[in-house]
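This report concerns only the one structure given below.
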Amino acid sequence: MTRTASAFWLNESGKGEVRQVALAEPGPGEVEVRTLFSGVSRGTETLVFRGGVPENQYAVMRAPFQEGDFPWPVKYGYLNVGVVEHGPAHLRGRAVFCLYPHQTRYVVPESSVTPVPEAVPAARAVLAGTVETAVNAVWDARPLVGDRIAVVGGGMVGSSIAAVLATFPGARVELVDADPAREEIARRLGVGFALPDDALDGCDLVFHASATEPGLTTALNLLAPEGRVIELSWYGDRKISVPLGEFFHSRRLTIRSSQVGAVGRPDRTYAERMAVALDLLADARFDALITGHSAFEELPDVMPRLADGTIPALCHRIDYGQAHVPE
């Protein structure tokens, strides 16, 4: 008899559904995971949801366990925490993180899951994929003690970076966003906050994660001479203008791309980077990034509301209604 699981699929722009999918028996070197929580990374997933992935970026944008092809139908997602029910003894009963889409159960290679540290609640561990991006950005940036730092864009990635840098020695860290409601997020993270017109300038380093043209302009405006912008925004199929004809050359500014597809330092592996991200999530301040939750069965109704902003969110957690969550 064929075993099945329930999975969320995107069918066309603005529509999605829960489907029954075949579930393989775990073989040697594989684990079967029962999902406890998954997370919707609002920026990337709603871009996929509306069909905004450029055709020449289809391969780059594939999630590790994506099924289907862009634009639709596609099973997409990469923030999943579950408990191992079948697999090697050292993993059975353990909470693990996996870059897997929204699905009730799944079978993957043992190497694809990372145990969640005991100090990290499973419900918070859904942030690991985004905090991993933040870790990579900080590795790319290599901040110095006492740096003046701004993070432009208080979404999930920007707020994760601010959280990682909040206790960096001697640093002045300010989260900059056009939405005044993000001030409360900054307060909970322990960093400063400003609207774009009020942000502190003279920055040595600015992380840009707003995915907007005005945001990138603000990031450049805030830099001191020799300052650097670390660009994390994913613009999808949009083209943007960059003000390179004003003070860009006279101040000797730099724009540096950062993206999670490559590890930001040569002496670390992907697995080590993920382990660092999960260790950082022992800090309860990261709970500020989970701004809502819904049941898995509600995803077909919830995703359009996340996409159009009816549900404002950083990370929206999906709960799978399981009775037992590992301590």
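Of all residues in region 44-73, count the ones that are over 19 Å from R238 (Cα atoms) and out of contact with any Asp or Glu (no Cβ under 7 Å at 6 or more places or on another chain).
Counting residues in region 44-73 that are over 19 Å from R238 (Cα atoms) and out of contact with any Asp or Glu (no Cβ under 7 Å at 6 or more places or on another chain) gives 8.
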Just wondering, is there one or more residues in region 45-62 that are surrounded by fewer than 21 Cβ atoms within 10 Å (Cβ to Cβ), part of a strand (DSSP E or B) and in contact (Cβ under 8 Å) with a residue 60 or more places away in the chain?
-> no
For region 252-273, does any single residue satisfy the condition of being farther than 20 Å from A137 by Cα, assigned to a loop (DSSP other than H, G, I, E, B), modelled with pLDDT of 95 or more and out of contact with any helix residue (DSSP H, G or I) (no Cβ under 9 Å at 6 or more places or on another chain)?
-> yes
Pairs where the first residue, in region 278-295, is more than 10 Å from R124 (Cα to Cα) and polar (S, T, N, Q) and the second is at pLDDT below 95 and crowded, with 18+ Cβ neighbours inside 10 Å, C-beta under 6 Å, 6+ apart = T291/A313; T291/L314
If we keep only residues of region 64-101 that are small (G, A, S) and touching a Ser or Thr at 6+ places or on another chain (Cβ under 9 Å), then the residue surrounded by the fewest Cβ atoms within 10 Å (Cβ to Cβ) is G77
Looking at region 284-318, which of the residues that are acidic (D, E) and either in a helix (DSSP H, G or I) or outside the structural domain of R50 (by TED's automatic domain parsing) (or both) is farthest from G16 (Cα to Cα)?
-> D287
Among what's in region 210-224 and is assigned to a helix (DSSP H, G or I) and either touching a Cys at 6+ places or on another chain (Cβ under 7 Å) or β-branched (V, I, T) (or both), pick the residue that is nearest to G154 (Cα to Cα).
-> T218
Take region 78-102 and flag every residue that is touching a Phe, Trp or Tyr at 6+ places or on another chain (Cβ under 7 Å) and outside any loop (DSSP other than H, G, I, E, B).
-> N80, V81
Evaluate region 117-139: report whether one residue or more is within 22 Å of the chain's Cα centre (by Cα), over 30 Å from T35 (Cα atoms) and assigned to a strand (DSSP E or B).
-> no
Being surrounded by fewer than 22 Cβ atoms within 10 Å (Cβ to Cβ), in contact (Cβ under 8 Å) with a residue 12 or more places away in the chain, among the small types (G, A, S) and in a strand (DSSP E or B), is that true of even one residue in region 18-31?
-> yes
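Quick one: is Y76 hydroxyl-bearing (S, T, Y), assigned by TED's automatic domain parsing to the domain that holds Q103 and in contact (Cβ under 8 Å) with a residue 40 or more places away in the chain?
Values: hydroxyl-bearing (S, T, Y): yes; assigned by TED's automatic domain parsing to the domain that holds Q103: yes; in contact (Cβ under 8 Å) with a residue 40 or more places away in the chain: yes.
For Y76, the condition - hydroxyl-bearing (S, T, Y), assigned by TED's automatic domain parsing to the domain that holds Q103 and in contact (Cβ under 8 Å) with a residue 40 or more places away in the chain - is met.
The values are calculated or read from the model by the stated rules, or taken from the named source; none is laboratory data. Model, not experiment: these values are computed from the prediction. With ideal geometry, Cβ positions are generated from the backbone for all residues, glycine too; neighbour counts draw on all protein chains shown.
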